[in-house]
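A.B. asks: Quick one: this structure, given as structure tokens, is what I'll be asking you about.
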Amino acid sequence: MQRGAGVTAGSHFEIVGTIEQIEPIAAGESVRNRRRLGKQYGRARWRRLKGVGLVRLRDGRIRRAEIPWYEARGIGKRKFKIKRFLD
């Protein structure tokens, strides 16, 4: 289990609690946006992961969702989004 991230500028949701059932989607050369990520955050070995967690939406509702994000050692987790709701 890993701790989620708080609200960032422009975010439409906040991750509440921990993200569970974490699994890799892509790593290294398989990450399609690695060039953009490298320019924006720094060169690293980027991974794309997904997990399940509770999110608080702007209107205050809390829902269970599948959450993908990018992650690199030394840089951290970036670009969280909600793929789909699971409830």
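A.B. asks: When only residues in the stretch 14-53 that are assigned to a helix (DSSP H, G or I) and of a type in the set (S, T, N, Q) count, which is nearest to residue 64 (Cα to Cα)?
C.D. replies: If we take residues in the stretch 14-53 being assigned to a helix (DSSP H, G or I) and of a type in the set (S, T, N, Q), then 30 is nearest to residue 64 (Cα to Cα).
A.B. asks: Another question, then. Out of the stretch 54-78, which residues are assigned to a strand (DSSP E or B), loosely packed, with under 15 Cβ neighbours inside 10 Å and without any contact (Cβ under 8 Å) to a residue 24 or more places away in the chain?
C.D. replies: 64, 76, listed by residue number.
We did not get these values from a lab; they are worked out from the coordinates using the rules stated. Owing to the predicted nature of the structure, the values given are computational and were not obtained by experimental measurement. Virtual Cβ from ideal backbone geometry, glycine too; neighbours counted across all protein chains shown.
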